[in-house]
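Colleague: Please see the structure below; I have some questions.
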Amino acid sequence: MSVVQTGLKAARDVSKRAFKDNQRHTRSSTTRHEIYVDRSVIVLNKPPGLAAQRTVAASSLKVADGTDFDGVLKDLRRRYDAEDIPFPVHRLDKSTTGALVLARTKAMSQELSQQFHSHDVNKSYLALVRGGAKTFPEKAGEIDGSMYIDDGRVSLKPSKDAEAKRARTGWEVLASSERAPVSLLRFQLHTGVKHQLRVHAASVLKAPILGDSLYGSPKLAPQIASATLVPEGRMFLHASSMSLIRYRRDGPHKRFRLGIVAPLPRDFVEVCRDLDIDFDEGDVEGGVYVDGERVDGGKVAGIDGAWVARP
């Protein structure tokens, strides 16, 4: 083994240990994940490894990873002196990072659940995928078809007992690396089928999300492995932005669209830099938007809104 290979292996071992330590730390109930808070809503920037999902009833809670997420919610209730534990109104896969919306009251949980059900919530994701510029003869498009769920397994192929669900995804190539077959994509999630983006990336675009060992090969291409560090178990899919309909207490324009951009994780940015993939600094910084306009200072009048992300 050469000196370079030995050094890279050692760096990978350190990276894997750091990733596992970071997962343990970020799942702790003492870690602050919230990036935006107002009188009715809390938005978290969910780290990888934190698993939570809602049940059919928006007012009840099902935690996929036991005490971790439950501890986060209880800590939020203590921190904001709330009567109730915040209510999750949608879900993100355990390995997905980014914007996770919580309602501070039962009434808001029902209102937001209705917005999700009626597709009034706009959701945008960023992903690093395993495919270079040649993988994408077209640079943008829309995928619209059926996905089939059979005993928890998701596929584009129908089977005897599978439940068919419509799945619609918009996609755009933002940049591709010239050093390795990896591209940065933005996805618009128009429906919310389980593993929708992961299946569409792997099976339709033929470009699995980097780090997704369920729908892609766990073995990295040599050009990727030699150019950057991808910790085992780390999938590079980030719920970048979300916008909701909100109402101010008074004023001429009570109804407005509140947008939250969750800052990209540090390791996501580092992989982009290693591979010379251009990205928008606004996606790294995150922020608050009202009717599509960035709010300097992050204060949203009429709903007591504030950007609270730590630098």
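The values are calculated or read from the model by the stated rules, or taken from the named source; none is laboratory data. Just so it is clear, the structure is predicted and the values come from calculations on it, not from any experiment. Methodologically, a virtual Cβ is constructed for each residue, glycine included, from the backbone with ideal geometry; neighbour enumeration extends over all protein chains shown. Accessible surface areas use protein heavy atoms only, side chains included; no ligands, DNA or RNA. Shrake-Rupley method; radii C 1.70, N 1.55, O 1.52, S 1.80 Å.
Colleague: Search the range 270-295 for residues that are without any contact (Cβ under 8 Å) to a residue 24 or more places away in the chain and over 15 Å from Ser240 (Cβ atoms) and pair each with any residue that is among the hydrophobic types (A, V, I, L, M, F, W, C) and open to solvent by less than 30 Å² (accessible area, probe 1.4 Å) when their beta-carbon atoms are under 8 Å apart and the residues are at least 6 apart or on different chains.
Modeller: Val295/Val288
Colleague: Please work out if Asp283 is outside any loop (DSSP other than H, G, I, E, B) and either at positive phi or in contact with a helix residue (DSSP H, G or I) (Cβ under 8 Å, 6 or more places away or on another chain) (or both).
Modeller: Values: outside any loop (DSSP other than H, G, I, E, B): yes; either at positive phi or in contact with a helix residue (DSSP H, G or I) (Cβ under 8 Å, 6 or more places away or on another chain) (or both): no.
Criteria not met by Asp283.
Colleague: Can Ser113 be described as on the phi < 0 side of the Ramachandran plot, among the hydroxyl-bearing types (Ser, Thr, Tyr) and not in a helix (DSSP H, G or I)? If you could, list the steps in order and put the result at the bottom.
Modeller: On the way: on the phi < 0 side of the Ramachandran plot: yes; among the hydroxyl-bearing types (Ser, Thr, Tyr): yes; not in a helix (DSSP H, G or I): no.
Criteria not met by Ser113.
Colleague: Here is a follow-up. Take the residues in the range 122-145 that are loosely packed, with under 14 Cβ neighbours inside 10 Å and in a strand (DSSP E or B), then tell me which one is modelled with the lowest pLDDT.
Modeller: Gly145
Colleague: Among Val288, Val295, which is modelled with pLDDT of 95 or more, crowded, with 22+ Cβ neighbours inside 10 Å and either under 18 Å from the mean Cα position of the chain (by Cα) or β-branched (Val, Ile, Thr) (or both)? Write out each step before concluding.
Modeller: Working: Val295 fails: crowded, with 22+ Cβ neighbours inside 10 Å.
Going through Val288, Val295 in turn, just one is modelled with pLDDT of 95 or more, crowded, with 22+ Cβ neighbours inside 10 Å and either under 18 Å from the mean Cα position of the chain (by Cα) or β-branched (Val, Ile, Thr) (or both): Val288.
Colleague: While we're looking at this one, here's another question. State all residues of the range 182-207 that are assigned to a loop (DSSP other than H, G, I, E, B) and of a type outside the set (Lys, Arg); if no residue qualifies, say none.
Modeller: Passing the criteria: Val182, His190, Thr191, Gly192, Val193, His195, Leu205, Ala207.
Colleague: Can we say Gly216 is touching a helix residue (DSSP H, G or I) at 6+ places or on another chain (Cβ under 6 Å) and either of a type outside the set (Phe, Trp, Tyr) or open to solvent by less than 30 Å² (accessible area, probe 1.4 Å) (or both)?
Modeller: Yes; evaluated as a whole, the condition is true for this residue.
Colleague: Follow-up question, since we're still on this one. Given the criteria touching a strand residue (DSSP E or B) at 6+ places or on another chain (Cβ under 6 Å) and either assigned to a loop (DSSP other than H, G, I, E, B) or at positive phi (or both), does Asp278 qualify?
Modeller: In short, yes.
Colleague: Quick test of your reading of the structure: Ser177 fulfils all but one of (1) more than 21 Å from the chain's Cα centre (by Cα); (2) within 25 Å of Ala51 (Cα to Cα). Name the failing condition by number.
Modeller: (2)
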